[in-house]
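Taking it in order: structure first as structure tokens, then the write-up.
The values are calculated or read from the model by the stated rules, or taken from the named source; none is laboratory data. Quick caveat: nothing in here was measured; it's all calculated off a predicted structure. FYI the Cβ positions are ideal-geometry reconstructions off the backbone, even for glycines, and counts take in every protein chain you see. Keep in mind that these areas ignore ligands, DNA and RNA; they rest on the heavy atoms of the full protein, side chains included. Shrake-Rupley method; radii C 1.70, N 1.55, O 1.52, S 1.80 Å.
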Amino acid sequence: MKEGDLELLNEIAAFEDSNDMSKLNMGWSWRHVRIWPATLNRFFKDGYLENVFRSNSYTGYRLSEKGRAVIASADRAHEAPQDTEITPPDNLFGDIIGHDDVKELLRACLLADDPVHALLVGPPALAKTLFLWDIEKACGERAIWLVGSATSKAGLWDLIADKQPQVLLIDELDKMGAADTAALLSIMEGGRLVRAKVGRELDINRPIRVVAASNRAYSMSPELLSRFAVCRIDSYSRNDYLTVVKGVLVHRENVPAETAEEIAGKLDGITKDVRDAIRVARLAPQLGVDRAIKLLLETRDDN
Ligand SMILES: Nc1ncnc2c1ncn2[C@@H]1O[C@H](COP(=O)(O)OP(=O)(O)OP(=O)(O)O)[C@@H](O)[C@H]1O
Ligand SMILES: [Mg+2]
């Protein structure tokens, strides 16, 4: 089969299903289905069509058993994979330091029999995106990942119809466009998703759980916020910042423990952004820790 053949066979099926074939006892012709005669002839040779009538001026076809079977099996392949229970591993959030309440809440949301959607809200660099990544890793193909500001061209409905995920992960939820947000409101309430396809409808009605992240909640509509268990993450305390920086530098940035300790100690009271510590660590081999801190943090507010 060539690319696009299945789509054409679907169109033929749609034509046959929506017309009274008993009135077309000579079969339909290329003009009825608006497909080139040469293509129809190829389908006939491949056994997807039966030739009902042939004269010098009219060639009439009908879908063959084989043609119908090909369409049906493509449909089945497209159907939702059976829901399998999500069983998050014990170390689901193993790479995230602290945030024990968030970990407990998200794990419960994933395991709940019926969906509870969760939204992580808080200032930058508090591991919100990392939480979404870890869930994506654990769920594999059952999860899809979106960034609010860049939802696919096809839109959220079509994406969900195609991928049929159990978990929807949305980073930067506050930047999601109006059309996708409207779709999301319905999806989150177990809304019926009906997508018109050529001559058919694809009907999806499966619960999807949503885990999202955002820097701010105030720009989001009350009805959107109401659909989430909103989990506010506060900036790190001084102690938490030291622990997180040491952990991130040693485990994710491969910085020796003493250097990590030194960087964390020297940034104490200057910043609470973990990304600052990562930048210092990355430039320290060239600049040394003190100079890196000076260049990165003491010039920052000048403009
Ligand atoms: N508790 C933590 N455990 C592990 N890594 C952390 C933690 N907090 C911050 N980080 C590190 O900080 C960096 C930023 O994390 P992440 O991208 O998840 O932040 P975010 O909350 O999504 O920020 P933003 O709101 O700016 O998108 C990453 O390198 C991450 O490893
Ligand atoms: Mg993020």
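For the chain, how big is the tail of P(r) above 26 Å, as a whole percent of Cα pairs? Please report the intermediate quantities before stating the final value.
Values: 27984 of 45753 pairs.
Within the chain, distances greater than 26 Å cover 61 percent of Cα pairs.
Amide H of E50 versus every other amide H placed in the peptide plane: which residues, excluding those fewer than 5 positions away on the same chain, fall under 5 Å?
So E50 has HN proximity to R62, L63, S64.
For the chain, what relative contact order do you get, as a whole percent, if you take Cα pairs closer than 8 Å and at least 6 residues apart? All intermediate terms of the calculation are to be shown ahead of the outcome.
Details: 376 pairs, mean separation 46.7, N = 303.
Over the chain, the number comes to 15 percent.
Of the cross-linked pairs K23/K163; K23/K66; K103/K163; K137/K246, which ones have a Cα-Cα span greater than 31 Å in the structure shown? Don't skip to the answer; put the middle values down first.
On the way: K23/K163 40 Å; K23/K66 23 Å; K103/K163 27 Å; K137/K246 24 Å.
Flagged as over cut-off: K23/K163.
Tell me, what HN-Hα J-couplings in whole Hz come from the Karplus equation 6.51 cos²θ - 1.76 cosθ + 1.60 at θ = phi - 60° for each residue of segment 217-226, using x for Gly and Pro?
9, 5, 7, 8, 6, x, 5, 6, 4, 4
Kindly report the accessible area of the chain per residue (heavy atoms of protein chains, probe 1.4 Å, no ligands, DNA or RNA), in Å².
The answer is 56 Å² per residue.
Along the charge dipole of the chain, pointing to its positive end and built from +1/-1 on Cβ of Lys, Arg, Asp and Glu, which listed residue (M1, V280, I135) has its Cα farthest out?
Among M1, V280, I135, the one farthest towards the positive end of the dipole of the chain is M1.
First compute the accessible area of the chain with a 1.4 Å probe, then give the percent of it belonging to carbon and sulfur atoms.
Exposed carbon and sulfur together represent 49 percent of the surface.
Given the rule -39500 (n - 2.57) for each run of at least 4 DSSP H residues, summed and divided by the residues of the chain, what is its mean residue ellipticity at 222 nm, to the nearest 500 deg cm²/dmol?
On the way: 13 runs with 137 residues, N = 303.
After summing the helix terms and dividing by the residues of the chain, the value is -13500 deg cm²/dmol.
Peptides 118-125, 267-274: what's the order by average Cβ count within 10 Å, highest mean first? Don't skip to the answer; put the middle values down first.
Details: 118-125: 19.9, 267-274: 17.1.
Result, highest mean Cβ count within 10 Å first: 118-125, 267-274.
Taking H placed 1.01 Å from N in the peptide plane, check which residues at least 5 places from I170 or on another chain put their amide H under 5 Å from its amide H.
HN-HN under 5 Å from I170: L146, V211, A212, A213.
What does the C-alpha gyration tensor say about the overall shape of segment 238-302? Classify as rounded when a/c is under 1.5, otherwise prolate if a/b is larger than b/c, or oblate.
On the way: a/c = 1.91, a/b = 1.23, b/c = 1.56.
Oblate, since a/c reaches 1.5 and b/c is not below a/b.
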